[in-house]
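Participant: Got a structure for you, questions after.
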Amino acid sequence: MQVDLFDFALPPERIALRPASPRDAARMLVVEGRAMRDAIVRDLPACLRPGDCLVFNDTRVIPAQLEGTRGEARIGATLHKREGPRRWRAFIRNAKRLREGDAIDFGAGVTATASDRAADGSFALDFAGDEPVELLLERAGRMPLPPYIAAKRPTDERDADDYQTMFAREAGAVAAPTAALHFTPELLSALDAAGIGHATLTLHVGAGTFLPVKADDTDDHAMHAEWGRIDTATADRLNAVRANGGRVIAVGTTSLRLIESAAGEDRVIRPFEGDTAIFITPGYRFRGIDGLMTNFHLPRSTLFMLVSALMGLETMQAAYAHAIASDYRFYSYGDASLLLP
């Protein structure tokens, strides 16, 4: 499909720079079939059915942005995928000043050697020393806010909490599974009381999620790979939800992509552990999920293509036009949509 089909005009002031407070006070556009209505996130128990199950991503964002020097050159690094105990693949700012074998000093006693430059311009960084890399990042790194927020304001102490979900447990993501940022313990209790269950899986979100689609046709776009895991107990539980007439509702496109990677043509979800680079565009037949809660996405992005595959391109164009006209807040810190085909 032509990527231009997924373009739309978004006023810059629609980009949220801070999350709603409290988190579940964010607005939520409910799109069911072709009908849509305005709600807020804390209305979610009334928007779902007893027996439904929400699926959250329990990945935890690490302080994956680093600023350092190679000689007199300033080098910026954004880690995006672990390749070994001490090796991370990283996007590099000022990459023309970096060569394979160069050492980068990130301060606070943290150094890494660059190697294995890839076709996309990224390098592998091998961190020196014996301390776990996670401890090194805590000393020298900062929270990796999305570029459309970081371009408008600096990262600060609030982001350390704001950019983690209440489910964050498994360290390894360099971007938050942002749909789950809307949840609070109070909302989860209300969902439990309404007979709506929840489960967790792990997908370590990579910085590639923010990469623009540069191809003119979706067939020519190379999707980034991310590591994920669904254990046997979770797979069995989700299959039981559907067998009993409930719906599996992914919270976030990361949860959805992993479930779809684990589901077979028979619509059975199986345990999964490894990389997924699934790219969902209109025409895809969904096998593992029955609905999606997600934020509002970038024009021409793989995520807008995904929601268009789920609901239909015309329906999502109408929903986004309504959201823009109604002052919904977009992107990572923005408002939510609940999409029920």
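The values are calculated or read from the model by the stated rules, or taken from the named source; none is laboratory data. Bear in mind that the values here come from a model prediction, so they are computed numbers and not experimental data. A quick note on method: Cβ atoms are made from the backbone with ideal geometry, for glycine too, and the neighbour counts reach across all protein chains shown. Just so you know, the surface numbers come from the protein's heavy atoms only, side chains and all, with ligands and any DNA or RNA stripped out. Shrake-Rupley method; radii C 1.70, N 1.55, O 1.52, S 1.80 Å.
Participant: Specify which of the listed residues (A9, A39, A90, A77) is out of contact with any Lys or Arg (no Cβ under 8 Å at 6 or more places or on another chain), in a strand (DSSP E or B) and in contact (Cβ under 8 Å) with a residue 12 or more places away in the chain.
Facilitator: A90
Participant: Within 17 Å of the chain's Cα centre (by Cα) and buried (at least 23 other Cβ atoms within 10 Å of the Cβ): does that describe Y328?
Facilitator: Answer is no for this residue.
Participant: Considering only residues of the range 12-36 that are without any contact (Cβ under 8 Å) to a residue 24 or more places away in the chain and open to solvent by 50 Å² or more (accessible area, probe 1.4 Å), which is farthest from G172 (Cα to Cα)?
Facilitator: Here the residue is A35.
Participant: Return the residues of the range 41-71 that are in contact with a helix residue (DSSP H, G or I) (Cβ under 6 Å, 6 or more places away or on another chain) and open to solvent by 50 Å² or more (accessible area, probe 1.4 Å); say none if nothing qualifies.
Facilitator: Selection gives R42 alone.
Participant: Still on this structure: Could you tell me whether any residue of the range 51-58 is out of contact with any Asp or Glu (no Cβ under 9 Å at 6 or more places or on another chain) and free of Cβ contacts under 8 Å to residues at least 12 places away in the same chain?
Facilitator: Looking through the range 51-58, none of the residues is out of contact with any Asp or Glu (no Cβ under 9 Å at 6 or more places or on another chain) and free of Cβ contacts under 8 Å to residues at least 12 places away in the same chain.
Participant: Let me ask you something else. Give the range 122-147 a look and list any residue that's open to solvent by 20 Å² or more (accessible area, probe 1.4 Å), under 26 Å from T253 (Cα atoms) and in contact with a helix residue (DSSP H, G or I) (Cβ under 8 Å, 6 or more places away or on another chain), or say none.
Facilitator: Passing the criteria: M143, P147.
Participant: Right, something else. Would you check if G283 is farther than 15 Å from L54 by Cβ, over 16 Å from the mean Cα position of the chain (by Cα) and modelled with pLDDT of 95 or more?
Facilitator: Answer is yes for this residue.
Participant: So, in the range 275-289, exactly how many residues are buried (at least 17 other Cβ atoms within 10 Å of the Cβ) and farther than 22 Å from G206 by Cβ?
Facilitator: 2
Participant: Another question about this same structure. Have a look at A103, A108 and point out the one that is over 19 Å from P144 (Cα atoms) and among the hydrophobic types (A, V, I, L, M, F, W, C).
Facilitator: Of the residues listed, the single one that is over 19 Å from P144 (Cα atoms) and among the hydrophobic types (A, V, I, L, M, F, W, C) is A103.
Participant: List the strands (runs of 3 or more DSSP E) that sit entirely inside the range 267-341 and contain at least 2 residues that are among the β-branched types (V, I, T) and in contact with a helix residue (DSSP H, G or I) (Cβ under 7 Å, 6 or more places away or on another chain).
Facilitator: It comes to none.
Participant: If the requirement is being under 12 Å from the mean Cα position of the chain (by Cα) and not small (G, A, S), which of these qualifies: L187, L191, L203, L238?
Facilitator: On inspection, the qualifying residue turns out to be L203.
Participant: Let me ask you something else. Quick test for you: out of F272, F296, pick the one residue that is of a type in the set (A, V, I, L, M, F, W, C), touching a strand residue (DSSP E or B) at 6+ places or on another chain (Cβ under 7 Å) and either open to solvent by 40 Å² or more (accessible area, probe 1.4 Å) or modelled with pLDDT under 95 (or both).
Facilitator: F272 is the lone residue from the list that is of a type in the set (A, V, I, L, M, F, W, C), touching a strand residue (DSSP E or B) at 6+ places or on another chain (Cβ under 7 Å) and either open to solvent by 40 Å² or more (accessible area, probe 1.4 Å) or modelled with pLDDT under 95 (or both).
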